[in-house]
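Colleague: Quick one: this structure, given as structure tokens, is what I'll be asking you about.
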Amino acid sequence: MKENDITNVSRRTFIKGSAALTALTALPVSRGLIAGEVSKVSDNHSQAVWKPAACWHDCGGKCLNKALVDGNTVIRQKTDDLNLDSPNTPQQRGCLRGRSQRHQVFAVDRLKYPMRRKNWAPGGGDKSLRGRDQWVRISWDEALGLIAHETHRITTKYGQESLWVTGQKEFCQPYYNMFSAYGGYVSDWGTRSFGAWSETSGLIGVPWGIWGINDRLDLKNSELIVIWGANPAWTSPGSPTYHYIQAKKAGAKFICIDPSYTDTAAILDAEWIPINPATDHALVLALMYVLLQEDNPKTNPLIKWDFLDRYTIGFDAQHMPEGADPKDNFKDYLLGTYTNDPKTPEWASEITGVSSDVIRSLARKIGTIDKVALLCGWAPARVNNGEGWVHAFSTLGFMTGHVGSSGNMTGTSVHFFAANGGDFLVNEGSTGLKNIDNPITTTINHNELTRALTEGKCRQPRGGDKDVNIQMIFHCANNTMQGFNNVNQAIDAYRSNIEFVVTPAYNFTSNAKYSDLVLPVTTEWEREGIVLHLHNREVLLLGVNITKPLYEAQSDQWIAKHLGERLGVDVNALFPISEKQQFFNQIMGSTVIDTDGKSYVPLVTITEEDLVKHQIQGKTQQGKISLEQLLTEGKYQVYRHDGDNYGFIAYKDFIGDPHSNPLKTESGKFEIYCQKLNERSKEYGWSEIPAIPKYIASEHGYQSTFSDWHNKVKGQYPFQIYTPHYLRSSHSTLDNVAQLREAWPGHVYINASDAKRLGLKQGDTALIYSKLGKVLRPVFCTETLKPGVIALPHGRWSDIDEKTGIDGAGTENMLFEPATTGLGTSGWNSGYCNIEKWQGKQLISDALQPPRLPVFAKE
Ligand SMILES: Nc1nc2c(c(=O)[nH]1)N[C@H]1C(S)=C(S)[C@@H](COP(=O)(O)OP(=O)(O)OC[C@H]3O[C@@H](n4cnc5c(=O)[nH]c(N)nc54)[C@H](O)[C@@H]3O)O[C@H]1N2
Ligand SMILES: Nc1nc2c(c(=O)[nH]1)N[C@H]1C(S)=C(S)[C@@H](COP(=O)(O)OP(=O)(O)OC[C@H]3O[C@@H](n4cnc5c(=O)[nH]c(N)nc54)[C@H](O)[C@@H]3O)O[C@H]1N2
Ligand code: SF4
Ligand SMILES: [Mo]
């Protein structure tokens, strides 16, 4: 789109034409494109050039995006066609969201200039109008002056701990550094992505970040691949599903354990084991019970006793750590030796909804097949009381020895490293900026955000409850107002308690909407360039500047610097080099694995001419690729083939010699009995986690849908609800893009039998409600979701009717009741609700909704 057209386009014209294409390209695994094909398409823009254009979201993948740029106009986009597509060197294909990126950058709803809420005044003004007030355009000078003044006034009056800077992203770093230098800020923390894997894993011996899986070429050696609560076809676009297809071609069989029959299961022709959300812990305990029951080392060896003996502690009474009661061992817990409560398939069947026959058959397959990959997503661990699941799932791997050898692996396979574990073969360099430590350690757990604002209390890691008095919130690159909180509770808190809320944003996100002062920021396309973080291990990607900043938008670093200046911070010490130099520092410092598979060498060749041409500081160096090539192509990819030096087998050194290469646990081994896990939970003080993975029903989970569990009488909220990540958005990012809305209408998924019983037909508007909120969504009736379960995808922009309190956008966090259990785990997939046909006005398609724009007060 031409810059000047930006404000003159109606929503309808905006989406016309590209929607059909988007729908067709929704599935990420069609691999028909050959190298160079897209570049050959002729066009009228003879001056136009293809440039690598960042796709920088926390979206589950990292792909090469290109924009055809003529001046400041982007004519179209394409994805990776640099090399021929092959399993050894797959193209880094973008998904529909990446290819719609230009509709976010050049959107009608881009924020154009700084603005202040009309009825805000120092102290908060009329706080009750947050989220429904009008706006007043102000200058950058006024905006920065106001923020500096209020930061100073509020922190002087209430103390430095009255400032909360939200978010955990690298995009927030400039603000973190600036506010740290100013005296610090209260931060927040949580387990938003990994759920209970966040902390449980390290304590039991599964290293954070690799989580136990081998590299993609080794997957072809697995005979059975169990994908447990993961759907890479939706959540890890790019190549992971393609890697699984290679394993399938090599002969692997697939099983998917999931409340829904996913696109991943369909593509891989997997056996589907439908399960109630947040009950996986029970299933895995029963699998291990069957293995114990049926194992006979001579005639039917199902358990790898030698593995347990050599590499683990706590499995049986003979392998307990010193000081622990031998009766507390895991084997006797499973068998119910001292409790008379064995974890039988029949016991698990009642909880999980998986029949005992299926449980037995699955256990036998996992126990008898030689090479098995047990791969899970994070979703089954993003549940209240999820720690036991992580511990038990890992124990299944230890017990069957599917760990640490070719074709055998047990761990998480999700996000950018799905289906491809191992150290990075290519790494970006540092920007050259130093990070400043935050002098304030007070931090709010995500489950306690609204508690902190309303009760003024939040529990500190290992420190008990602490009083806090938050009076100023500075939102960074996140959408806390709908992504972390229960939305209604958060709005109530914002409308009663806080003096000043600031958000830098591209568009009028929920964080911006409920703020007092909003600053327009540039997208990555308007900045100097970015070397992309969180790419897959074989690929380095970058994006260059695509257009000059739109309207009055400024970068986060510019904002932090100019705000810092007004706060008296030494900003030249914080940001001593330009953003351009930072980008080139990242490139010049990038390294790639050498052919020996051990050492790293510079990636990019830098010549004197390069330094002069780009007017940057640096040293000349010899690398694998020229600077110009990387800047124009945007990608460096390591060529892989079977038997190369870049393979990865998780825990190889430990398995080879556990004494010389102990794990980082108390015992140096995998801990099936983990004293530290128990101690850590007591330090947090939310709920106690046993040292062995004993079953604890998930709070707000399946059992909560019954008013009388024993007689199986359903309660007021009879459905379980969980929140899959889907292809319309990356969390709430890109959810405003009409093309994506048209391709993915934003349904709530319900089983066809439940829908029929409730009189709901395909596309009907349904009311979904819990104790805490109500939302509307069009229904999608399907046989591919377990009865009794509702799947409400994560990330739509909340749109609450001020009169009824109902959210027509169907934001999932309207419904979730924060519960803090164990190690502060986020319970996004343990929820319960009800659903019924909506008798009011039917929803119109999200794609036809007008864009959300701030309403300006008349002069
Ligand atoms: N398209 C898209 N992709 C994304 C993201 C996005 O917003 N959109 N976000 C990215 C980020 S930051 C993250 S953290 C990852 C999250 O990645 P995941 O945690 O893997 O993603 P989910 O979609 O929540 O869940 C994956 C699968 O688990 C199933 N599931 C849900 N609850 C349970 C359960 O209790 N038990 C079992 N067995 N299965 C369950 C769901 O049906 C779904 O098929 O996704 C990344 N990828
Ligand atoms: N119920 C439920 N809740 C969930 C989940 C779930 O599965 N269910 N998933 C959880 C997970 S896994 C995650 S990771 C979180 C994600 O939650 P968030 O981190 O809040 O993710 P987004 O909603 O994408 O919000 C990112 C915001 O940052 C903005 N942004 C992006 N880049 C920049 C930048 O450079 N500068 C500035 N200033 N802004 C920028 C985007 O426009 C967007 O508004 O949500 C969690 N919440
Ligand atoms: S997976 Fe992520 S990086 Fe890749 S195109 Fe989609 S949104 Fe962009
Ligand atoms: Mo995440």
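Colleague: With a sphere of radius 12 Å drawn around the Cβ of Asn427, what net charge do the other residues whose Cβ falls strictly inside it have (Lys, Arg +1; Asp, Glu -1)?
Modeller: Overall, the nearby charge balance is -2.
Colleague: If you project the alpha carbons of segment 781-859 onto the principal axes, what extent comes out on each, in Å, largest first?
Modeller: Between the extreme Cα coordinates on each principal axis of segment 781-859 lie 53, 35, 22 Å.
Colleague: Which one of Thr395, Ile806, Pro658 is farthest out on the positive end of the charge dipole of the chain, using unit charges on Cβ (Lys, Arg +1; Asp, Glu -1) and the Cα centre as origin?
Modeller: Selected residue: Ile806.
Colleague: Still on this model: May I ask you to list the trypsin sites (Lys or Arg not before Pro) in segment 455-531 that are in a DSSP loop and have at most 13 other Cβ atoms within 10 Å of their Cβ?
Modeller: Filter output for segment 455-531: Arg462.
Colleague: Oh, and also: Just the number, please: Stokes-Einstein D of segment 303-357 in µm²/s, Kirkwood Rh from C-alpha pairs, 4 °C, 1.567 mPa s.
Modeller: After rounding, the answer is 103 µm²/s.
Colleague: Ok, one more. Over the Cα atoms of segment 349-496, what radius of gyration and what Dmax do you get, in Å?
Modeller: Rg, Dmax (Cα atoms, Å): 21.8, 61.
Colleague: Given a 1.4 Å probe, how much area per residue of segment 677-786 is accessible, in Å²?
Modeller: Normalised by residue count, the accessible surface of segment 677-786 is 38 Å².
Colleague: If you build the Cα gyration tensor of segment 518-563 and take the root of 5 times each eigenvalue, what three semi-axes come out, in whole angstrom, biggest first?
Modeller: 24, 12, 8
Colleague: Related question: How many percent of the accessible area of segment 147-273 is carbon or sulfur, using a 1.4 Å probe?
Modeller: Its accessible area is 55 percent carbon and sulfur atoms.
Colleague: Moving on. Over the Cα atoms of the chain, what Rg and Dmax result, in angstrom?
Modeller: 26.9, 87
Colleague: Something else: Keeping the other protein chains in place, figure out the carbon and sulfur percent of the accessible area of segment 469-561, with a 1.4 Å probe.
Modeller: Roughly 47 percent, rounded to a whole number.
Colleague: Continuing with this model, one more query. Roughly how many Å is it from the Cα centre of segment 445-507 to that of segment 377-431, as a whole number?
Modeller: Spelled out, the Cα-based centre of one part sits 31 Å from the other.
Colleague: Based only on Cα atoms, what mean projected area does the convex hull of segment 141-300 have, in nm²?
Modeller: Result: 15.5 nm².
Colleague: Take segment 355-394, compute every pairwise Cα distance, and split them into 5 Å bins from 0; I just need the percent in each bin.
Modeller: Result, from short to long distances: 5, 18, 21, 20, 25, 9, 2 percent.
Colleague: Aspartates and glutamates within cross-link reach of Lys248: Cα-Cα under 20 Å, excluding same-chain residues under 8 positions apart?
Modeller: Asp85, Asp215, Asp218, Glu223, Asp258, Asp263, Asp269, Glu271, Asp370, Asp642
Colleague: Work out, step by step, the length gained on full extension between Ser355 and Ser599: first 0.36 nm times the residue separation, then minus their alpha carbon distance; give nm to one decimal.
Modeller: 82.8 nm
Colleague: Can you give me the distance in nm between label points at Lys249 and Glu565, each placed 7 Å from the Cα along the Cα-to-Cβ direction?
Modeller: My value for the distance between the label points is 5.7 nm.
Colleague: Contour minus end-to-end for Ile844 and Asn300, with contour as 0.36 nm per residue of separation and end-to-end as the Cα-Cα distance?
Modeller: Length difference between fully extended and current span is 189.9 nm.
Colleague: Further, regarding this structure: Using only Cα atoms, locate the centre of segment 686-755 and the centre of segment 585-651, then give the distance between them in Å, rounded to an integer.
Modeller: About 44 Å separates the Cα centre of segment 686-755 from the one of segment 585-651.
Colleague: I've got another one for you. Putting +1 on Lys and Arg Cβ atoms and -1 on Asp and Glu Cβ atoms, find which of Thr344, Leu540, Asn488 reaches farthest to the positive end of the dipole of the chain.
Modeller: Farthest along the dipole direction, towards plus: Asn488.
Colleague: In whole Å, what are the extents of segment 460-552 along the principal axes defined by its C-alpha atoms, from largest to smallest?
Modeller: 44, 38, 19
Colleague: How large is the accessible surface per residue of segment 188-235, computed with a 1.4 Å probe and reported in Å² as a whole number?
Modeller: 22 Å²
Colleague: Below 10 angstrom from the Cβ of Leu843, what's the summed charge of the other residues (Lys, Arg +1; Asp, Glu -1)?
Modeller: Overall, the nearby charge balance is 0.
Colleague: Grab the DSSP H runs of the chain that are 4 residues or longer, score each as -39,500 (n - 2.57), total them, divide by all residues and round the 222 nm result to the nearest 500 deg cm²/dmol.
Modeller: Value at 222 nm, helices only: -7000 deg cm²/dmol.
Colleague: Further, regarding this structure: Would you mind getting the accessible area per residue of segment 538-660, heavy atoms of the protein chains only, 1.4 Å probe, in Å²?
Modeller: Per residue, segment 538-660 has an accessible area of 47 Å².
Colleague: Percent antiparallel among DSSP beta bridges with both residues in the chain, to the nearest 5?
Modeller: Expressed as a percentage, antiparallel bridges in the chain total about 55.
Colleague: Rounded to whole Å and ordered largest first, report the semi-axes of the equivalent ellipsoid of segment 637-756 derived from its Cα gyration tensor (root of 5λ).
Modeller: Ellipsoid half-lengths, sorted descending, are 39, 32, 15 Å.
Colleague: Looking at segment 394-546 only, what percent of DSSP beta bridges run antiparallel? Nearest 5 please.
Modeller: Taking every DSSP beta bridge with both residues in segment 394-546, the antiparallel ones total about 55 percent.
Colleague: Place the peptides 247-255, 312-320 in order of packing, highest mean first, counting for every residue the other Cβ atoms within 10 Å and averaging per peptide.
Modeller: Answer by packing, highest mean first, reads 312-320, 247-255.
Colleague: Okay, next question. For segment 407-479, compute Rh as the Kirkwood radius over C-alpha pairs and then the Stokes-Einstein diffusion coefficient at 4 °C and 1.567 mPa s; write the answer in µm²/s, rounded to an integer.
Modeller: Here the translational diffusion coefficient equals 77 µm²/s.
Colleague: What lysines could a cross-link reach from Lys682, if we take a straight Cα to Cα line under 27 Å and drop same-chain neighbours fewer than 8 places away?
Modeller: List returned: Lys327, Lys331, Lys343, Lys457, Lys466, Lys664, Lys669, Lys694.
Colleague: On to the next question. Give the whole-number value, in cubic angstrom per residue, of the convex hull volume spanned by the C-alpha atoms of segment 271-371.
Modeller: That works out to 124 Å³ per residue.
Colleague: When the scattering of segment 491-606 is computed by the Debye formula from its Cα atoms alone, each counted once and equally, what is log10 I(q)/I(0) at q = 0.16 Å⁻¹?
Modeller: Reported log10 I(q)/I(0), two decimals: -0.94.
Colleague: Please report the spacing between the Cα centers of segment 179-208 and segment 240-309 in Å, no decimals.
Modeller: Taking the Cα centre of segment 240-309 as reference, the centre of segment 179-208 is 29 Å away.
Colleague: Of all the accessible heavy-atom surface of segment 783-859, with the other protein chains kept in place and a 1.4 Å probe, what percent is carbon and sulfur?
Modeller: Carbon-and-sulfur percentage of accessible area, whole number: 56.
Colleague: To continue, here is another question. Kirkwood Rh, segment 709-842, all Cα pairs: how many Å?
Modeller: After inverting the pairwise mean of 1/r, the radius is 15.3 Å.
Colleague: Determine how many Å³ per residue the convex hull of the Cα atoms of segment 335-430 encloses.
Modeller: That works out to 154 Å³ per residue.
Colleague: Lys and Arg at +1, Asp and Glu at -1: add these up for the other residues within a Cβ distance under 12 Å of Pro342 and post the number.
Modeller: Result for the local shell: -1.
Colleague: Using +1 on the beta carbon of Lys and Arg, -1 on that of Asp and Glu, and nothing else charged, what's the dipole of the chain about the Cα centre, debye to 20?
Modeller: My answer is approximately 2000 debye.
Colleague: Still on this model: Within segment 800-843, which trypsin sites (Lys or Arg not before Pro) sit in a loop by DSSP and count at most 12 neighbouring Cβ atoms inside 10 Å?
Modeller: Lys803, Lys841
Colleague: Can you compute the FRET efficiency between Leu758 and Lys858 using 1/(1 + (r/R0)^6), with r the Cβ-Cβ distance and R0 = 45 Å? Round to the nearest 0.05.
Modeller: About 0.45, to the nearest 0.05.
Colleague: In straight Cα distance, which lysines are under 17 Å from Lys127, not counting same-chain residues fewer than 8 positions off?
Modeller: Those lysines meeting the cut-off are Lys118, Lys513.
The values are calculated or read from the model by the stated rules, or taken from the named source; none is laboratory data. These numbers come from a predicted model, not from an experiment. As a convention, Cβ positions derive from the backbone with ideal geometry for all residues, glycine included, and neighbour counts pool all protein chains shown. Ligands, DNA and RNA are stripped out before the accessible areas are found, and what is left, the full protein with its side chains, is counted by its heavy atoms. Shrake-Rupley method; radii C 1.70, N 1.55, O 1.52, S 1.80 Å.
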